[in-house]
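The block underneath contains the structure these notes are about, expressed in structure tokens.
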Amino acid sequence: MSGEAASSGSRPRRRVIVLRHGQTHHNAGGIWQGQLDSELSEVGQEQARVAAAALGQYRPSVVVASDLRRAAETGAEVAQACGIEITYDPRWREIHVGQWAGMTAAQVHAQFPGERDAHLRGEDFRRGVDGESLSDVADRVRSALDELLVRLRPGETAVVATHGVTGRVVIAELVDLDRLTAWRVLGGFGNCHWAEVVEAESGWRIQTWNASA
């Protein structure tokens, strides 16, 4: 599945694959991470290796990742499998969840019931009182996304190793989908699942969502 496979007409299509990191112990325990810098569990490490082998079939020319360890380690597996360099950038980090960080889902529900319900509805507010909103994340990733697209030549594929909420925001930005609609219609990413977005005649379109190896 090379970049040329996405060609249509005379211009080869660019492709962006947005990959969520592998499992962490916090994921397994139902603990909110946000920008806590947790590493992959043994399960997550294996997920990353399997995903890297699958994504290598796309022959990506660019791999970028959040600098938080769980995404950085996942992206490094992809880059190694493809024999290319990786670039780390804090703009790809997960949404900052403020006071929710380190809390279980049950604790967040008990202490912040209104915020938790607003989160589930996809509302645009600062998570955990002093964290980020979806708009904050969109503002943060937009410049990184624009720079990535400038680097990507016709027919090439990029892999972005990032996080669950940030990944959904990136996709919404790329396909020009408003955040509330994106939250409602795009389900969450599983660990080491990805979305494939392909350039079309007018903008970008989602070709696969929440795919895995």
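Please list, by residue number, everything in region 174-197 whose backbone N is under 19 Å from a paramagnetic label point 7 Å out along Cα→Cβ of Phe125.
179-184
If packing is taken as the average count of other Cβ atoms within 10 Å, what order do 39-47, 198-206, 165-173, 13-21 fall into, highest mean first?
Numbers: 39-47: 18.1, 198-206: 14.0, 165-173: 24.0, 13-21: 25.8.
By packing density, highest mean first, the sequence is 13-21, 165-173, 39-47, 198-206.
Would you mind pulling out the separation of the Cα centroids of region 171-211 and region 97-128, in Å?
23 Å
Tell me the relative contact order for the chain as a rounded percent, counting alpha carbon contacts under 8 Å between residues six or more apart. Before the final figure, lay out the partial values.
Details: 447 pairs, mean separation 65.2, N = 213.
Relative contact order of the chain: 31 percent.
What translational D, rounded to a whole number of µm²/s, comes out for the chain from Stokes-Einstein when the hydrodynamic radius is the Kirkwood one over Cα pairs, at 20 °C and 1.002 mPa s? Please list the in-between numbers first.
Values: Rh = 17.2 Å.
The estimated diffusion coefficient comes to 125 µm²/s.
Take the chain, connect every pair of alpha-carbon atoms lying under 10 Å apart with a spring to form a Gaussian network, then pick out the residue of Thr181, Thr87, Thr104 with the largest mean-square fluctuation.
For the chain, modelled as a Gaussian network with Cα springs under 10 Å, the answer is Thr181.
How much of the DSSP bridge set in region 8-211 is antiparallel, in percent, rounded to the nearest 5? Each step should come with its number before you reach the end.
Working: 14 of 27 bridges.
In region 8-211, DSSP labels about 50 percent of beta bridges as antiparallel.
Report the label-to-label distance for Glu201 and Tyr88 in nanometres (one decimal), using points 7 Å from each Cα along the Cα→Cβ vector.
It is 4.4 nm.
So for the pair Arg69, Thr208, with labels modelled 7 Å out along Cα→Cβ, what separation do we get in nm?
Between Arg69 and Thr208, the simple spin-label model gives 3.0 nm.
Computed from the coordinates by the stated procedures, all read-outs in this text should not be read as laboratory data. Keep in mind that what you see is a predicted model, and the values were worked out from it rather than measured. Cβ coordinates were reconstructed from backbone atoms using ideal geometry, including for glycine residues, and neighbour counts include every protein chain displayed.
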